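Below is one structure, written out as structure tokens; the observations come after it.
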Amino acid sequence: MRARPILFMARFNQKRALCTGGSGRLGTELKKLLPKALFPSSAVFNVTNHIQMEKYIRKHRPSTIIHSAAFISPPLIDKDPQKAIGINIIATAALAKLCWRYKTKLVYISTDYVFKGDKGNYKEDDPIFPVNKYAWSKLGGECAVNMLDDYLIIRTSFGEKVFPFQKAFVDHYTSRETVDVIAKKIVTVLKSRVRGTIHLGHARRSVYQYATSLGGPTPVGKMSITDVPFRVPKDTSLNTSNYRKYAKK
């Protein structure tokens, strides 16, 4: 499976934008940058409630939906894949159907984990091969979004502003950045009107290098991807040259 080429969307209007997952880590940061956009709570826009989603979209008529709601924990997804199917695949497919019906652009937040992780520096059109159930569920969402004519798939990796764990992988390489930085890059991409698939993130570094770059009162320890019971790809770093090109405009 290869990504379709990057094209251009209509001009982004935050007053007519809707973001799912507004209470999540990424949604919270996007809300700061897009104060005029819609950030409905799950009580009124639950992505697993297809009838409720349609009523909300029909009432508010957003021109762009940023879909950041997701079940994102690999170890928890290994224990409960049914939940990941429902949220990451079925809910995304239902949202894609609604975007088709109401002629709405769909911006889907995906992951670097859709790649096999054996070489890194992945370009948007490199072959995809997930290595764990979390990544397969996010790729399932990508498949649904690719059925649309007007969409943007953003592959990225982000974390908290303070590294939340005592240890970090020294042998897993990534393009991860803090969530506030990635949120700003997402808004830059939205305003640049690209369409298709695009990669956002930092230059290649280990998770340990990323963690230590954040600073903090407690030194981060070292660990290996072989120390955890779930499968972690070795190198999912992203080639972000397309983003850098559009960010300059």
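A few points about this structure:
- Evaluation of LYS138 against the conditions (1) within 14 Å of the chain's Cα centre (by Cα); (2) surrounded by fewer than 24 Cβ atoms within 10 Å (Cβ to Cβ); (3) among the basic types (Lys, Arg) shows that the sole unmet condition is (2).
- Options ILE89, ILE72; residue that is under 15 Å from the mean Cα position of the chain (by Cα), surrounded by 15 or more Cβ atoms within 10 Å (Cβ to Cβ), over 25 Å from GLU160 (Cβ atoms) and among the aliphatic types (A, V, I, L, M): ILE89
- The numbered conditions (1) among the aromatic types (Phe, Trp, Tyr); (2) in a loop (DSSP other than H, G, I, E, B); (3) surrounded by fewer than 18 Cβ atoms within 10 Å (Cβ to Cβ) are all true for PHE163 except (3).
- Only residues that are loosely packed, with under 15 Cβ neighbours inside 10 Å and modelled with pLDDT under 90 were counted in the range 193-238, giving 5.
- Top-ranked residue of the range 54-69 - restricted to ones that are more than 16 Å from GLU142 (Cβ to Cβ) and touching a strand residue (DSSP E or B) at 6+ places or on another chain (Cβ under 9 Å), ranked as surrounded by the fewest Cβ atoms within 10 Å (Cβ to Cβ): HIS60
- Test: residue in the range 77-91 that is touching a residue at least 60 places away in the same chain (Cβ under 8 Å) and within 23 Å of LYS133 (Cβ to Cβ): yes
- Boolean, LEU98 is aliphatic (A, V, I, L, M) and within 18 Å of GLU142 (Cβ to Cβ): yes
- Neighbours by Cβ (under 8 Å, 6+ apart or cross-chain): first from the range 184-212, on the phi > 0 side of the Ramachandran plot; second at pLDDT 95 or above and of a type in the set (Val, Ile, Thr): GLY196/ILE153; GLY201/THR156; GLY201/THR174; GLY201/ILE182; GLY201/THR240
- Residue ID - farthest from ASP171 (Cα to Cα), chosen from residues in the range 208-229 that are within 25 Å of the chain's Cα centre (by Cα) and hydrophobic (A, V, I, L, M, F, W, C): LEU214
The values are calculated or read from the model by the stated rules, or taken from the named source; none is laboratory data. A quick note: this is a predicted structure, and the numbers were derived from the prediction, not measured. Positions of Cβ are backbone-derived with ideal geometry, glycine not excepted, and every protein chain shown enters the neighbour counts.
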